[in-house]
Amino acid sequence: MSPHAASPAKRMLSALTAPAFSLLIALLVTTALLAAVGASPGRAYLTMLEFGLRPDSLVSAVNRSTIYFFAGLAVAVAFRMKLFNIGVEGQYRVAALFAAVVGASVNLPGPLHLALVGLVAVLAGALWAGIAAVLKVWRGVSEVLSTLLLNYVATAVIAYLLADFFAVGSASGSTPELPPSARLPELDGLVSLFGLSLPAGAHLGGAALGAVVLGMAVHLMLTRTRYGYDLKASGLNPVAAHVHGIEPRRMILLTMLVSGGLAGLAGLPDLLGNTYSYGVDFPSGAGFTGIAVAMLGRNTPVGIALSALLFGFLERSALILDIQGLPKEIVTIMQGVIVISVVGAHEVVRRMDVRRAARLMREESVPVVTPEPVRPAT
């Protein structure tokens, strides 16, 4: 190791600087806007904290954060190769539709049924993302443009399939309801094993346990596998990676498929733990939130988990603002400012790291001359 290599504490500080700076900017901007419209910033924040820290609110925030965690992981895997998968929104909605249709059409034992629904969601999300991958590899179409436009295509395709093929004739136009064997179990019993109790009416969804397992699996994939090494090398320097035998077209295709497969899981917490069917009123918007979650979390599973919990907490806390006569839009504004400021903060931190590295290189290039000891004449 180089004597000038950054210590673990310095690396951690560098990783936390951009997110902390982004949150500070978001807080300052939101405070200024609240003061401009005549609302008390202190009262708004105190109201959010009091409501958000209630036990039932914390459980609800954790349940919501699992959705953002899955979406954030999907975005992060693509980001590591400098690919911008803006289509997570369409990918998880298409995946949820086909998972709902397949899940309602078969009868299997619980674990097998859940595994089948999850597999269908992963495959559907991967195939939808694969459209953008094929366009980029063989036609040179930017994945930013193709994935963004595929969100609108997904909306139209889903509406058509629901109207003409999959809906069961209800007023809302939804797929048949999933049987009990295809529903996620609640983790209330697991929580009680640790001596904790949940408030009345609050239930911790089984997706939280799945998020922990998936987060560990993705971390191992990125840090302990050949694919993870190839992904990092391709993102850092595609030309050098190609020289060392890493085929860029294959990596683009594979990475977009992995990203789409992870995106397909983002709809399962709602499908298997809340709605039990897919309809025109199925919850949406998690794909775009996942972009902000991944950026704030620095594209690491641990960072994405913390970022997802923050966004889940903010959304839950916003529910009380309308009742108190405060603008609930401040949470949306705060999330938007986080996205904008995190980009700028990352660039500032990157330039600081580049300058530090250049200074260390200059210091190492200066020769150090050690005078020879004076020897007595013989």
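Test Leu108 against the stated conditions and say whether it is in a loop (DSSP other than H, G, I, E, B), aliphatic (A, V, I, L, M), touching a Ser or Thr at 6+ places or on another chain (Cβ under 9 Å) and farther than 28 Å from Val157 by Cα.
Details: in a loop (DSSP other than H, G, I, E, B): yes; aliphatic (A, V, I, L, M): yes; touching a Ser or Thr at 6+ places or on another chain (Cβ under 9 Å): yes; farther than 28 Å from Val157 by Cα: yes.
Here the answer is yes, as Leu108 does meet what is asked.
Has region 269-286 got any residue that is open to solvent by less than 10 Å² (accessible area, probe 1.4 Å), at pLDDT 95 or above, small (Gly, Ala, Ser) and in a helix (DSSP H, G or I)?
No.
If we keep just the residues of region 68-85 that are open to solvent by less than 10 Å² (accessible area, probe 1.4 Å) and within 8 Å of the chain's Cα centre (by Cα), which is farthest from Leu265 (Cα to Cα)? Full working, then the answer.
Within region 68-85, the subset open to solvent by less than 10 Å² (accessible area, probe 1.4 Å) is 68, 71-78, 83, 85.
Now narrow it down to the ones that are within 8 Å of the chain's Cα centre (by Cα): 68, 71-76.
Numbers: Tyr68: 10, Ala71: 8, Gly72: 11, Leu73: 10, Ala74: 9, Val75: 12, Ala76: 14 Å.
Out of the qualifying residues, it is Ala76.
Which one of these is open to solvent by less than 70 Å² (accessible area, probe 1.4 Å), part of a helix (DSSP H, G or I) and either on the phi > 0 side of the Ramachandran plot or aromatic (Phe, Trp, Tyr) (or both): Trp128, Trp138? Write out each step before concluding.
On the way: Trp138 fails: open to solvent by less than 70 Å² (accessible area, probe 1.4 Å).
Every option except Trp128 fails the conditions.
Among all residue pairs at least 6 apart or on different chains, which show Cβ distances below 8 Å where the first residue, located in region 105-134, is within 27 Å of Leu150 (Cβ to Cβ) and the second is loosely packed, with under 14 Cβ neighbours inside 10 Å?
Leu116/Val106
Taking the condition modelled with pLDDT of 90 or more, touching a helix residue (DSSP H, G or I) at 6+ places or on another chain (Cβ under 6 Å), polar (S, T, N, Q) and assigned to a helix (DSSP H, G or I), does Ser341 pass? Before the answer, list the steps.
On the way: modelled with pLDDT of 90 or more: no; touching a helix residue (DSSP H, G or I) at 6+ places or on another chain (Cβ under 6 Å): yes; polar (S, T, N, Q): yes; assigned to a helix (DSSP H, G or I): yes.
So Ser341 does not fit the description; no.
Could you list, in sequence order, all residues of region 200-215 that are touching a residue at least 60 places away in the same chain (Cβ under 8 Å) and surrounded by 12 or more Cβ atoms within 10 Å (Cβ to Cβ)?
Within region 200-215, Ala202, His203, Leu204, Gly205, Gly206, Ala207, Ala208, Gly210, Ala211, Leu214, Gly215 qualify.
Okay, residues lined up against (1) within 21 Å of Asn63 (Cα to Cα); (2) open to solvent by 70 Å² or more (accessible area, probe 1.4 Å); (3) touching a Gly at 6+ places or on another chain (Cβ under 8 Å):
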site: Pro109; (1), (2), (3): no, yes, no
site: Val117; (1), (2), (3): yes, no, yes
site: Leu149; (1), (2), (3): no, yes, no
site: Thr155; (1), (2), (3): no, no, yes
site: Leu198; (1), (2), (3): yes, no, no
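The values are calculated or read from the model by the stated rules, or taken from the named source; none is laboratory data. Note that the structure is predicted; figures quoted are calculated from it, not measured. Every residue, glycine as well, gets a Cβ built from its backbone with ideal geometry; the counts of neighbours run over all protein chains shown. Just so you know, the surface numbers come from the protein's heavy atoms only, side chains and all, with ligands and any DNA or RNA stripped out. Shrake-Rupley method; radii C 1.70, N 1.55, O 1.52, S 1.80 Å.
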